[in-house]
1. For region B:162-227, list the strands (runs of 3 or more DSSP E) that sit wholly inside it and hold at least 1 residues that are within 14 Å of chain A (Cβ to nearest Cβ); which are they?
2. Please determine whether any residue of region A:80-93 is at the interface with chain B (Cβ under 8 Å from one of its Cβ atoms) and either open to solvent by less than 30 Å² (accessible area, probe 1.4 Å) or modelled with pLDDT under 90 (or both).
3. Restricting to region B:229-246, count the residues that are without any contact (Cβ under 8 Å) to a residue 12 or more places away in the chain and open to solvent by less than 10 Å² (accessible area, probe 1.4 Å).
4. Among the residues of region A:1-20, count how many are within 8 Å of chain B (Cβ to nearest Cβ) and part of a helix (DSSP H, G or I).
5. Scan region A:21-55 residue by residue and report those that are touching a Phe, Trp or Tyr at 6+ places or on another chain (Cβ under 6 Å) and within 21 Å of B:Val171 (Cβ to Cβ).
6. In region A:107-136, what residues are more than 11 Å from chain B (Cβ to nearest Cβ) and under 18 Å from A:Ala38 (Cβ atoms)?
7. Identify all residues within region B:247-258 that are open to solvent by 30 Å² or more (accessible area, probe 1.4 Å) and more than 16 Å from B:Val159 (Cβ to Cβ); write none if there are none.
8. Pick out the one residue from A:Leu56, A:Leu102 that is crowded, with 20+ Cβ neighbours inside 10 Å and either within 11 Å of chain B (Cβ to nearest Cβ) or on the phi > 0 side of the Ramachandran plot (or both).
Amino acid sequence: MKFLIYLLLALVVVPFQTTLLHYVSLFGVRPDLGLVAACLVGFLGGELDGLILGLLLGCFQDMLSAGDLWINVVTKGGGGFLAGLAGRHMAHMTPAVLTAGLAIISCLSSVVFLYSMNPAGIDEVWMGVRSTVLVQAGFDAMVGAGLYLLFRQRWSDDRMVTEGAL
Amino acid sequence: MAISRSTYGTRRLAIVLLACLLIALFLLPSQSQRLLQYVGGPLGQILSVPLAAFSSIDQGISETWNGYLALQSVHEENRQLRRDMEFLKGQNNQLRESVTATQRYEALLNFKQQSPSQTLAAQVIGRDATNWYRGMILNKGENDGVRAEMGVVTPAGVVGRIVKTNSTSSVVLLVTDPNNAIAGVVQRTRDEGIVEGTSHGRARLKYIPLLSSVQAGDRVVTSGLTGAFPRGLAIGGLTQVEKSEGDLFQSAEIEPEVDLSKLDEVLIITAPYEDADAAQKLLQEIHGDRKKS
């Protein structure tokens with residue numbers, strides 16, 4: 001059941017990202033909703049959930065991106081997994097912690113993209129960091145924190161139910 | 001308790017297996033590419049449904065915005081004028097190219113024998129899913145005969161080339177992406193080079209011979225030496241020529257002819273020349289002439 005929900009989520013998030021998200025771009029950079037979704041689910045649902053959703057989102061994103069077919073699968077899957085690991089070791093999830101965590105994972109994901117593009121020199125790397133990595137990390141963190149605040153009540157209820165069951 | 005333990009064990013096993021898959025994908029990119037391509041076929045079919053729905057929402061939003069908030073008639077008129085301008089730009093460029101070719105030497109008069117390319121109209125339905133590539137998603141895919149490496153143009157000039165396809169859509173890598181490379185030629189001096197995108201969203205003509213007299217304002221067109229594009233399609237105008245001491249070649253920045261941020265419809269070149277054999281023969285003749293001279 002959960003897998004189906006994640007599949008549906010991926011089928012909504014990726015087309016939304018490619019068709020409508022350009023309306024909210026900042027300096028030509030859009031938030032990576034796929035990464036944000038995988039990380040949020042990872043933080044709140046655990047490594048497996050983050051990993052599964054990340055793999056699904058990455059697979060769909062790769063099909064609608066000009067890059068290699070593995071890159072989004074790896075970054076989104078890895079992001080969801082890392083977020084799950086981080087979430088498991090945290091007693092209290094606060095928006096500030098989540099924002100910082102999302103920013104770090106977004107930066108790590110962007111570094112994989114930068115590495116995959118074989119930059120010609122340090123100037124190109126620095127250019128990529130300034131123009132895309134930092135802006136996207138800030139954007140992802142903001143969007144993630146916003147979504148968390150929006151759905152916090154529901155998620156905390158779910159978490160309590162899950163923990164109670166275990 | 002026993003049930004909970006077994007669920008925990010399965011969960012752990014799933015995590016380990018998926019993590020191994022992730023590591024394998026990262027360490028074996030070329031092998032994983034094949035696997036993902038295989039998996040991507042049916043997934044593409046599923047993905048095309050929400051993609052089309054979101055695309056129509058996007059179209060609705062932009063039409064509402066442009067139609068009602070930005071005045072209906074002005075927008076329509078502007079759209080028509082832009083279409084006319086694009087068409088005239090393309091026509092103008094073809095004429096210029098023909099004139100230059102005629103003046104140069106007789107062999108290139110065979111241009112007239114070149115049949116127009118076979119093209120397929122497609123609509124832009126989205127942008128690249130990441131911020132790292134300058135790409136666009138088109139609503140035509142393998143079912144319509146679209147294949148990777150096909151060229152994409154508008155009447156005004158080159159847009160990019162197809163890099164990925166699935167059954168109902170395809171991804172175009174724009175001419176301004178650093179991963180793109182198209183064979184180009186400076187229209188005035190006939191110096192050939194490779195057009196690559198830059199990180200600033202423009203393009204650059206590389207490997208221009210050091211003794212070439214290229215200058216800002218010169219126009220760059222496709223050379224026709226690579227399969228995707230026929231000869232003479234506009235790529236852009238040179239804005240700045242760079243010649244560093246000790247370098248073996250010059251390079252020049254190009255302002256692309258097509259406004260890539262405002263594309264709605266494009267043409268996919270399914271066959272650069274209608275008669276591929278004749279085109280091959282023509283190219284061989286030209287190369288033969290060059291070797292002799």
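1. Where strands (runs of 3 or more DSSP E) fall fully within region B:162-227 and carry at least 1 residues being within 14 Å of chain A (Cβ to nearest Cβ), they are B:170-174, B:181-186, B:192-197, B:203-209.
2. Within region A:80-93, none of the residues are at the interface with chain B (Cβ under 8 Å from one of its Cβ atoms) and either open to solvent by less than 30 Å² (accessible area, probe 1.4 Å) or modelled with pLDDT under 90 (or both).
3. 0
4. 8
5. Within region A:21-55, just A:Pro31 meets the criteria.
6. Of everything in region A:107-136, those that are more than 11 Å from chain B (Cβ to nearest Cβ) and under 18 Å from A:Ala38 (Cβ atoms) turn out to be A:Cys107, A:Leu108, A:Val111.
7. Those that are open to solvent by 30 Å² or more (accessible area, probe 1.4 Å) and more than 16 Å from B:Val159 (Cβ to Cβ): B:Asp247, B:Leu248, B:Phe249, B:Glu253.
8. The conditions single out A:Leu56.
The values are calculated or read from the model by the stated rules, or taken from the named source; none is laboratory data. None of the values given here were measured: they were computed from a predicted structure. Methodologically, a virtual Cβ is constructed for each residue, glycine included, from the backbone with ideal geometry; neighbour enumeration extends over all protein chains shown. Note: accessible area is taken over every heavy atom of the protein model, side chains too, but ligands, DNA and RNA are not part of it. Shrake-Rupley method; radii C 1.70, N 1.55, O 1.52, S 1.80 Å.
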